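Below is one structure, written out as structure tokens; comments come after it.
We did not get these values from a lab; they are worked out from the coordinates using the rules stated. Note that this is a predicted model, so its numbers are computed, not measured. Cβ coordinates were reconstructed from backbone atoms using ideal geometry, including for glycine residues, and neighbour counts include every protein chain displayed.
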Amino acid sequence: MKDMHPRKLAAGVVVAVLGVTIGVALAQTSTVDEIAKYREALQDGNPAELWEARGEEMWTKPRGPKQVSFARCDLGMGPGVVKGAYAHLPRYFADARRVMDLETRLVWCMVNEQGMSEADATKTTFGGPGRRSDIEALAAYVSGQSRGVKIDVALDEPHVRDMYQLGEKMFFFRGGTHDFACATCHGDDGKRIRLQDLPNLTTVEGARKAYSTWPAYRVSQGELRTFQWRLNDCFRQQRFPDLVFGSDASIALTAYLAGRANGASFDAPAIKR
Amino acid sequence: MADPMKIRANVVGDSTEVKVLMNHEMETGQRKDAQGKIIPGWFIQNVKVTHNDKVVLDAQWGPAVAKNPFLSFKFKGGAKGEKVRITWTDNRNDTRTDEATIA
């Protein structure tokens, strides 16, 4: 060190700094590639199947105070019909006089047909350690029965169209402590949160890719998550007030995003990091 | 009782390929809950697979295996219609056995 020329030393430092910059750039692209590889490797054994199996069993079993199964629950395709139902939700239900998404409709069936109280039916909307969510299992089963079906939300139906338009307004509405809108993160190409690429939901391809892959098994949480959960967590990340489960606000946003995804082949429950 | 496994077994060439999804919390025993108390370890310790009463896989597992484990493996032989039997046992001595028909 003693006889090292100061200029040489400086040159060495410059090279080292350059090396770091190149290294970071390389690491970013290869990280995205590696995440893609990781997702591919996961496709094969998607634990969402375990939720689907549990949901299927629950669908046929008598439940609640009235001991009635979901055989009479109408998801819009007729009582008890599950095949393809998710691809047409949210939709307007005349018996409830409301536009409903799947999760809201499941709760409605639990309350109105199985005789459960609203509080009991929505006790565990999102599962966690030691508390499993019936709604997540049922949503996994029902949505799985729409795999490969084209998403077709009836935007020409006046109630659904109203919800779609309200959802669109909400999507671009800025608020909260951070003056955030959904569009702040999901309105441009190439945005990220940490290492996660964010879909641009204002484009048809972005909306299709995102909406057709929920519900999904989240590896990092070890849980199957529904679209209601996805919206709820987006609200939390935006520092918005809590999004009430099954509220008109949640259904409006779902109607907007599902409507944007119309025509896509449904491909869930998927698996995400 | 533990929830059922999901098993798929298919003949591939002269082997049988088995894919299993198991329902298990797989708690490591290293994590703490919201109160700061350690969550006790709870994980599958042994996985045994038999085909025609012959053991084709006998594995010892530990807390490093993730929640809801997925296991994929091949063994020589096996024909369509034959059975594959899988049993896991965890550190609480809880156990679950499921069977699948090779397709």
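Would it be correct to say that residue A:192 is more than 14 Å from every other protein chain (Cβ to nearest Cβ) and surrounded by fewer than 13 Cβ atoms within 10 Å (Cβ to Cβ)? Against the criterion (more than 14 Å from every other protein chain (Cβ to nearest Cβ) and surrounded by fewer than 13 Cβ atoms within 10 Å (Cβ to Cβ)), residue A:192 qualifies.
Among the criteria (1) closer than 24 Å to residue A:46 by Cβ; (2) in contact with a strand residue (DSSP E or B) (Cβ under 6 Å, 6 or more places away or on another chain), the one residue B:67 does not fulfil is (2). Of the residues making up segment B:34-91, those that are in a loop (DSSP other than H, G, I, E, B), away from every other protein chain (no Cβ under 14 Å) and of a type in the set (A, V, I, L, M, F, W, C) are B:61, B:64, B:79.
Any idea which residue in segment A:33-50 is surrounded by the most Cβ atoms within 10 Å (Cβ to Cβ), counting only those that are within 11 Å of chain B (Cβ to nearest Cβ) and more than 16 Å from residue A:222 (Cβ to Cβ)?
Going residue by residue through segment A:33-50, those that are within 11 Å of chain B (Cβ to nearest Cβ) are A:41-50.
Still in the running and more than 16 Å from residue A:222 (Cβ to Cβ): A:41, A:43-44.
On the way: A:41: 10, A:43: 9, A:44: 12.
Here the answer is A:44.
Of all residues in segment B:11-22, those that are closer than 11 Å to residue B:84 by Cα and away from chain A (no Cβ under 14 Å) have Cβ atoms under 7 Å from Cβ atoms of residues that are of a type in the set (Phe, Trp, Tyr) and surrounded by 14 or more Cβ atoms within 10 Å (Cβ to Cβ), 6 or more apart or on another chain, in B:16/B:75.
Just one of the listed residues (B:91, B:68) is among the polar types (S, T, N, Q) and under 12 Å from residue B:45 (Cβ atoms), and it is B:91. Given the condition away from chain B (no Cβ under 14 Å) and either in a loop (DSSP other than H, G, I, E, B) or within 23 Å of residue A:223 (Cβ to Cβ) (or both), answer yes or no: does some residue in segment A:51-61 qualify? Yes, there is a match, as at least one residue in segment A:51-61 is away from chain B (no Cβ under 14 Å) and either in a loop (DSSP other than H, G, I, E, B) or within 23 Å of residue A:223 (Cβ to Cβ) (or both). Scanning segment A:224-273 for residues that are in contact (Cβ under 8 Å) with a residue 60 or more places away in the chain, in contact with an Asp or Glu (Cβ under 9 Å, 6 or more places away or on another chain), surrounded by fewer than 24 Cβ atoms within 10 Å (Cβ to Cβ) and of a type in the set (D, E, K, R) yields a count of 0.
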